[in-house]
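For reference, the structure is listed below as structure tokens.
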Amino acid sequence: MKQHSARLDGLGVTIFAEMAQLAVTTGAVNLGQGFPDEDGPEEIREAARRAITAGHNQYAPGTGIPALREAIARHQWRFHGLEVDPDTEVVVTTGATEAIAAAVLGLVDPGDDVLVLEPYYDSYRAVIQMAGGRHRPVTLRAPDFRLPVDELRAAVTPRTTAIVLNTPHNPTGSVLTPDELSAVAAIAIEHELVVISDEVYEHLTFGRPHVPIATLPGMAERTLTISSAGKTFSFTGWKVGWATGPAHLVSALFGAKQFLSYTSGTPFQHAVAEALDLPDSFYSSFADGLRRKRDLLCAGLGDVGLGVFVPEGTYFATTDVAPLGFADGLEFCRALPQRVGVVAIPHQVFHDDRPDGSNPGRTLVRWAFCKRDEVLEEALARLRRLTDPV
Ligand SMILES: *Cc1c(COP(=O)(O)O)cnc(C)c1O
């Protein structure tokens, strides 16, 4: 009997499943997967309950309920000055994950090259492979994880049709600078590339503001901007995401989306429509709270003796485990739950292994700080045992 299709070759089981399982079997504190351990605003949870009670429980329109598409358009204007038509330039998806998958399936042909920033969110590589394309990594390297613009330009081939951008960037926490964005835009325009821009951490920045690449001159017509309610509002289980962009690209995405899920959870769409209209103070205080958690975790990781790279955005901090004498982040993360009772994620799984066996993320490890202070403090107390004599 056939085991699996060739399009799944080499994709294996996502690292998050493996590490979540380890967290459960060892009772470890899970700083692996990026989900908050406190829900978003009660008024928005109440809005979801109200939507169910009011009978919003059947299929929504494929592109999303009008109230949510309008709220997304208002949000893009309020925060970014992006003007989008809620009827033709907005589509609601089952999380950002489906938006990315549908964008790739709707725009990438077998044999196409697609540029991705490495380390890459693992679904990019998987869906590009499922579409028959080839991902071409451009590596953000420690210590500052800046975009190597010349390498990006050099990675373009005659078969390159798209670039999957991600800023604020998971896992490094980098926020692309205006100069980096301009360089990406120039390359995209010169080579007629579509930009699929994953901006799920758009509101989670700690200083350098996030700028959507679609706001740069000449970019609105070639960019799909993707985001989601999961990270912004702490409802990662609701899986309500969206894409905005020019009608022709949104149609291509929807052309694929309609045959993946057709439509996405109706009552949650009603609730997210309300969430998007929360006042600016909601957005800024959430980011401020996260910044405090970032500082708490980063200071503690530094005290343990790890090399800490303080992120400019996202839920995640990165450390180098080499200063503590560990040569491999994956081995470190596999042993850590048993050893001290903490789960983290190795960067190397978000990189391609090089032909010579090397990996730019070999000793880097990612830690989530979107957790209650007590949880972060407990994790740090456990990690201090790392340097206990064995
Ligand atoms: C969490 C995450 C997603 C997935 O978003 P969903 O809305 O849960 O599908 C996509 N991209 C990045 C970079 C993420 O960190």
Between Val310, Val340, which is of a type in the set (Val, Ile, Thr), more than 20 Å from Ala381 (Cβ to Cβ) and more than 16 Å from the ligand (Cβ to nearest atom)? Val310
All-but-one check, Arg291 against (1) modelled with pLDDT of 95 or more; (2) surrounded by fewer than 18 Cβ atoms within 10 Å (Cβ to Cβ); (3) over 19 Å from the mean Cα position of the chain (by Cα); (4) assigned to a helix (DSSP H, G or I), failing number (3)
Exactly one of Thr225, Thr236, Thr232 is assigned to a loop (DSSP other than H, G, I, E, B) and hydroxyl-bearing (Ser, Thr, Tyr), and that one is Thr236
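Residue-by-condition table, conditions (1) more than 18 Å from the chain's Cα centre (by Cα); (2) basic (Lys, Arg); (3) under 30 Å from Ala287 (Cβ atoms):
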site: Met130; (1), (2), (3): yes, no, no
site: Arg134; (1), (2), (3): yes, yes, no
site: Phe145; (1), (2), (3): no, no, yes
site: Asp150; (1), (2), (3): yes, no, no
site: Pro158; (1), (2), (3): yes, no, no
site: Val164; (1), (2), (3): no, no, yes
site: Pro178; (1), (2), (3): yes, no, yes
site: Ile196; (1), (2), (3): no, no, yes
Within the range 194-253, restricting to residues that are β-branched (Val, Ile, Thr) and in contact with a Phe, Trp or Tyr (Cβ under 6 Å, 6 or more places away or on another chain), the one that is surrounded by the fewest Cβ atoms within 10 Å (Cβ to Cβ) is Thr236
Can you tell me which residue is farthest from Tyr120 (Cα to Cα) among those in the range 362-382 that are free of Cβ contacts under 8 Å to residues at least 60 places away in the same chain and in contact with a strand residue (DSSP E or B) (Cβ under 8 Å, 6 or more places away or on another chain)? Thr363
Glu331: more than 16 Å from the ligand (Cβ to nearest atom) and acidic (Asp, Glu), yes or no? yes
Might you let me know whether the range 253-275 holds any residue that is at pLDDT below 95, among the small types (Gly, Ala, Ser), in contact with a Ser or Thr (Cβ under 6 Å, 6 or more places away or on another chain) and within 16 Å of the ligand (Cβ to nearest atom)? yes
Here is a list: Gln258, Gln338. Which entry is closer than 17 Å to Gly32 by Cβ and either surrounded by fewer than 24 Cβ atoms within 10 Å (Cβ to Cβ) or in contact with a strand residue (DSSP E or B) (Cβ under 6 Å, 6 or more places away or on another chain) (or both)? Gln338
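The values are calculated or read from the model by the stated rules, or taken from the named source; none is laboratory data. This is a predicted model, so every value here is computed, not measured. All Cβ positions, even for glycine, are placed from backbone atoms using ideal geometry, and neighbour counts span all protein chains on display.
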